[in-house]
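To start, the structure under review is shown below, and the notes come after it.
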Amino acid sequence: MSNPSRTASAVQQPESIHGVVGGGRSPRGGWSAVVSVALMSFVLVLSEFLPIGLLPVISSSLRVSIGTVGLVVVVPGLMAAVTAPLVTMASGRLDRRRVLIVLALFIAASNALAAMAPNMAVMATARVLLGVGVGGFWAMGAGVAARLVPARAVHRATSLITAGISAGTVVSLPLGALVGHLAGWRTAFVVAAGAALLALATLAVRLPALPPTGAIRLAALTSALRSPAARIALLATVLIFFGHFAAYTYVTPYLEDRAHFGSSAVTAVLLAYGLAGLAGNFAAGAVIGRRLRSVYVVSAVLVAAAAALLNAAAGAAPAVVALVVVWGAAFGAVPLALQTWILRATPEAPESGMALLVSACQIALAAGSFIGGIVVDGYGTWAGFAVGSTLALLSAATQIRPRLPLG
């Protein structure tokens, strides 16, 4: 990483990374294929985060505590962390299109099973299936933009795919809250299953064959860790995701119990959060090629500030709404920034870098939700927000004394 122009070109010239579009040939698939991957990204995030808006009613229905029902977020995170590198290695020389379609089937099946779950054990099983699909799809799907569009459009295509993540955030919490209120939490999972099947059909129709560029072995994963930039990126990832989900997982109980918002108000605030995240993603995509470090540091600091100030703002509804919107916009830029960071850090092994990033994200997500549940059960949502704020600041601090040219 001693030459910033070389690392930047590794991201901006994906033909050299993937080795499939070289020799002057145009990428296959184009924008319709990118949209199909973005749609599936939307569905997998919707599926993973849908229960966050339903935690109180699922807790009551399955007769477990709020902290225990937080496992519906923890379990898929842990599974995704394990399966991201395993699926990447096990897929070997399989066509990536076929692998992505199979993983999409896991996501649809998990939602259907969750809708029928009579107890926490069955619900946990459903979420295990989801974790397998999420881990593998994120590790492979997030990086395919470089194989679908010309090099000059890769940043925009990647931003569109990560916008699916933000859009899933837009829909998951308010959809869960709204459908859960009108028709019950099981219906929300039925809706998610239907969305997964629709996305699966679109993926099958629009995504072209994606031959592998070579088998990924354990040595390739460990070699990616030799890059100092990759190690710092993974450390920053763990800190921001742990902190964010220690707090964000329990934002609905905060809005209901501390801010005293009704169900309709909660739905509206969560929708505003998600829309702000979508805007943050696209805003970051416009400048991230030139200002990666600035985008990341500002985003992490704003997440920390919003989470901390919400503790003091619980009695002032306008301030609560404003802070939740700031939080959403700031975190909306984080996935794109981290993905760009890891691809610059591992230009010779992008799939390995992405697998490591997904594992780091999901381990931190699961640990943050789990530890956050313990903290919230023991001390209240204010403590979960304090933990989240502190860790987000530490993540920003990884760039206080930059030695690596991230842009």
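The values are calculated or read from the model by the stated rules, or taken from the named source; none is laboratory data. Bear in mind the structure is a predicted one, so any value in this text is a computation, not a measurement. Positions of Cβ are generated from backbone atoms using ideal geometry, with glycine treated the same way; all protein chains shown enter the neighbour counts.
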**OP:** Just one of (1) more than 18 Å from ALA192 (Cα to Cα); (2) touching a residue at least 12 places away in the same chain (Cβ under 8 Å) trips up ARG63, so point out which.
**Re:** (2)
Original post:
Which of the following residues is closer than 28 Å to SER264 by Cβ and crowded, with 24+ Cβ neighbours inside 10 Å: ALA139, ALA114?
Top reply: ALA114
Subject >> Pick from region 84-99, criterion over 15 Å from SER352 (Cβ atoms) and not basic (Lys, Arg), ranking: surrounded by the most Cβ atoms within 10 Å (Cβ to Cβ) >> reply: VAL99
Original post:
Looking at ALA283, ALA313, ALA300, ALA322, which one is modelled with pLDDT of 90 or more, farther than 30 Å from THR88 by Cβ and either buried (at least 23 other Cβ atoms within 10 Å of the Cβ) or among the aliphatic types (A, V, I, L, M) (or both)?
Top reply: ALA322
Original post:
In this structure, is LEU78 among the aliphatic types (A, V, I, L, M) and within 30 Å of THR340 (Cβ to Cβ)?
Top reply: yes
Original post:
Is there a residue in region 265-274 that is of a type in the set (Ser, Thr, Tyr) and in contact (Cβ under 8 Å) with a residue 40 or more places away in the chain?
Top reply: yes
Subject >> Pairs where the first residue, in region 109-132, is closer than 15 Å to LEU44 by Cα and among the β-branched types (Val, Ile, Thr) and the second is at pLDDT 90 or above and buried (at least 16 other Cβ atoms within 10 Å of the Cβ), C-beta under 7 Å, 6+ apart >> reply: VAL132/PHE106
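One line per residue, one yes/no per condition, for (1) among the aromatic types (Phe, Trp, Tyr); (2) modelled with pLDDT under 90; (3) assigned to a helix (DSSP H, G or I):
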position	(1), (2), (3)
LEU94	no, yes, no
LEU100	no, yes, yes
ALA112	no, no, yes
ALA115	no, no, yes
ALA124	no, yes, yes
GLY136	no, yes, yes
ALA145	no, yes, yes
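Given the options ALA392, ALA360, name the one that is under 23 Å from LEU160 (Cα atoms) and in contact (Cβ under 8 Å) with a residue 24 or more places away in the chain.
Working: ALA392 fails: under 23 Å from LEU160 (Cα atoms).
The conditions single out ALA360.
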